[in-house]
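The values are calculated or read from the model by the stated rules, or taken from the named source; none is laboratory data. Everything numeric in this text was worked out from a predicted model, so none of it was measured. Positions of Cβ are backbone-derived with ideal geometry, glycine not excepted, and every protein chain shown enters the neighbour counts.
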DNA sequence: GGTACGTGATGAAACGTTTCAATCATCAGG
DNA sequence: CCTGATGATTGAAACGTTTCATCACGTACC
């Protein structure tokens, strides 16, 4: 159907190899024939079939990325960072959304391996699936994103969540708070647990009380409900630290709707610094993760391994988060 | 490097064609040999090379999707809808982000055509680029998403923005507002203009004043700034309708920070009904677009054209948006 | 005039599948 | 015992590239 190199060759009255040369090493072919061939290409509307090219080459120029949830600004920014670097270095990126479902992850891994992606970036749903391990063993370079598995020998890029919790704790303690609520998603999630660990470490030895409120998911609605309960209860913390910004936005809504002023009546600190944090009704203080940077670094590590497998040595990179102070924790 | 069907055949002691049959029509092969072959596949860790398969087949099972901005929840939900249907119908989806840059769009179109995607879903940056047109002419089925170009003969799925503006107008007028501000992005954007048209249509013949405030982009920050100015100025509208939710969130922040109550002092209505609308400090009324449905419909149209090109006839589908009323426009 | 060399162009092989006509084995019916 | 039919398996061709050894043709040099 679509015109092939052969059709172009016929039309231009040259051999098939010459057309290929025009496409891939134009300097190896004389000015005159090059023009003839290019004209034929234009006339026929020839578009090269990269499947055939890659089949012949035995390797592709595309990378696979599987994230947990593209709707999440955290992953979205990471994907953006990866995409930037990939394009810059001449790789195409195939974006996939596992939706935190192992079955979807599995299907995408299969699909990407069948497509012979050159390398893989992934935030695995579970610890390390059979298929992912097989993929690695078969020789597809792999980088773990937002994960760090000491048992697995490959590159990884993650963020130090303990340090993030510590930053939060120091900030709140420094602002004079002595009773702090930590609203968190399931503590079975490493992130949630690590941030709590950091928070506790920051207040260790000080006369500070921490109330842990665990909710079923990192969604605004749960933050709202947790806060309503908290406000009704007897504890009366003066600050709330949330395991992510969505929870914090929920808490903020609860505060506004019950007439509490933020930060005067209650201080509020989120995590992730999503775009909406700055634009919340009361701009939200938050712990920012260098998402774009994570993505760019992960992509660079992967491409390095793809392009120079022999000289490559695996690296586990851990970024430190950063505190962004806005209205919601400002002291008067 | 990676084991091929040939290696499997050797290992299993059968011919190459038989292995292919085991893979593609297992019923055509006897129980015994099938088992032998499957065992060989497992032992060798064989993964089929879909590039070769598609090359031979002359057509792939993947669809391309190019959107303006994946960070935008609107496009994100559409992509999700498309992905759902695509997977369900046995197609893989290649996600691309044009970032509203014609150059990026162009590059992705080229890439996807080289990969021989079976069909294309796209929200074009500009009117209709040379390359997109060429792609269509060469026979790649194409569906326009959130666009509707009467000059172009292909399927499209869009939303009626005039109707959306009308819904908004009727709602606000019905709530008794007689002076309404419309905070909008550049009116050169069709969406912004159409929504204004609808708004005007809703108040036509009534004693209602509309103040149009045009800002440079559909971002919360601009909504905030516009609102600060608006509050300082003399107009004093009782309601603000925003061309999207981000602007509305900005306006909400301005209101909260200047001590205005929503909706008592000023009513607020957004557009898109993004996830955060419901979780805003004051839950935001909004005009909802059936994004998931748009995506699903677009994908179904495309797959229909891909699978039955002869019986297919192009359709231009226009969805109607829907009003979601929350606190921000609730009348006491 | 012969040799060596450089520049362009050529043609065939190979990549890993799928498909399909051809072959082979088996068996039922006459 | 032969014929046909059925079912399983085979082998070769084809898809569209890239690569590489080969070849044709001048040109420069001795």
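Put simply, of A:149, A:133, A:153 the only residue that is in the same structural domain as residue A:91 (by TED's automatic domain parsing) and outside any loop (DSSP other than H, G, I, E, B) is A:133.
Restricting the stretch A:231-258 to residues that are assigned to a loop (DSSP other than H, G, I, E, B) and within 26 Å of the chain's Cα centre (by Cα), which is farthest from the other protein chains (Cβ to nearest Cβ)?
As a first pass, look at the stretch A:231-258 and keep what is assigned to a loop (DSSP other than H, G, I, E, B): A:233-238, A:243-244, A:258.
Now narrow it down to the ones that are within 26 Å of the chain's Cα centre (by Cα): A:243-244.
Numbers: A:243: 16, A:244: 13 Å.
Restricting to residues being assigned to a loop (DSSP other than H, G, I, E, B) and within 26 Å of the chain's Cα centre (by Cα), the top hit is A:243.
For the stretch A:268-279, what are the residues that are in a loop (DSSP other than H, G, I, E, B) and either more than 10 Å from every other protein chain (Cβ to nearest Cβ) or out of contact with any helix residue (DSSP H, G or I) (no Cβ under 7 Å at 6 or more places or on another chain) (or both)? A:273, the sole residue that qualifies.
If you check B:84, B:149 for being more than 22 Å from residue A:87 (Cβ to Cβ), surrounded by fewer than 21 Cβ atoms within 10 Å (Cβ to Cβ) and touching a helix residue (DSSP H, G or I) at 6+ places or on another chain (Cβ under 9 Å), only one passes: B:84.
Among the criteria (1) under 25 Å from residue B:113 (Cα atoms); (2) over 30 Å from the mean Cα position of the chain (by Cα); (3) part of a loop (DSSP other than H, G, I, E, B), the one residue B:71 does not fulfil is (2). Among residues belonging to the stretch B:77-128 that are without any contact (Cβ under 8 Å) to a residue 24 or more places away in the chain and within 24 Å of residue A:72 (Cα to Cα), point out the one that is farthest from the other protein chains (Cβ to nearest Cβ). If we take residues in the stretch B:77-128 being without any contact (Cβ under 8 Å) to a residue 24 or more places away in the chain and within 24 Å of residue A:72 (Cα to Cα), then B:88 is farthest from the other protein chains (Cβ to nearest Cβ). In the condition set (1) away from chain A (no Cβ under 11 Å); (2) surrounded by fewer than 24 Cβ atoms within 10 Å (Cβ to Cβ); (3) touching a residue at least 40 places away in the same chain (Cβ under 8 Å); (4) out of contact with any helix residue (DSSP H, G or I) (no Cβ under 6 Å at 6 or more places or on another chain), residue B:265 is compliant with all but (3). Scanning the stretch B:8-43 for residues that are in contact with a helix residue (DSSP H, G or I) (Cβ under 6 Å, 6 or more places away or on another chain) and within 14 Å of chain A (Cβ to nearest Cβ) yields a single hit, B:41.
Can you find a residue that is within 31 Å of the chain's Cα centre (by Cα), surrounded by fewer than 22 Cβ atoms within 10 Å (Cβ to Cβ) and on the phi > 0 side of the Ramachandran plot anywhere in the stretch B:28-45? Quick ask: steps written out before the conclusion?
Of the residues in the stretch B:28-45, the ones within 31 Å of the chain's Cα centre (by Cα) are none.
No - not one qualifying residue is present in the stretch B:28-45.
For the stretch B:208-230, the set of residues classified as over 19 Å from residue B:185 (Cα atoms) and either outside the structural domain of residue B:251 (by TED's automatic domain parsing) or surrounded by 15 or more Cβ atoms within 10 Å (Cβ to Cβ) (or both) consists of B:208 only.
For the stretch B:6-22, the criterion of being within 41 Å of the chain's Cα centre (by Cα), in a loop (DSSP other than H, G, I, E, B) and within 11 Å of DNA strand D (Cβ to nearest atom) is met by none of the residues. Restricting the stretch B:56-67 to residues that are within 16 Å of residue A:111 (Cα to Cα) and either away from DNA strand D (no atom under 16 Å from the Cβ) or facing chain A (nearest Cβ under 7 Å) (or both), the residue that is surrounded by the most Cβ atoms within 10 Å (Cβ to Cβ) is B:63.
Within the stretch B:284-305, the set of residues being within 14 Å of another protein chain (Cβ to nearest Cβ) and either under 21 Å from the mean Cα position of the chain (by Cα) or surrounded by fewer than 21 Cβ atoms within 10 Å (Cβ to Cβ) (or both) comprises B:291, B:292, B:295. Residue check: residue B:77 meets all listed conditions (1) under 29 Å from residue A:50 (Cα atoms); (2) at pLDDT below 95; (3) buried (at least 21 other Cβ atoms within 10 Å of the Cβ) but one, namely (1).
A single member of B:198, B:205, B:176 is assigned to a loop (DSSP other than H, G, I, E, B), free of Cβ contacts under 8 Å to residues at least 40 places away in the same chain and not assigned by TED's automatic domain parsing to the domain that holds residue B:296, and it is B:205.
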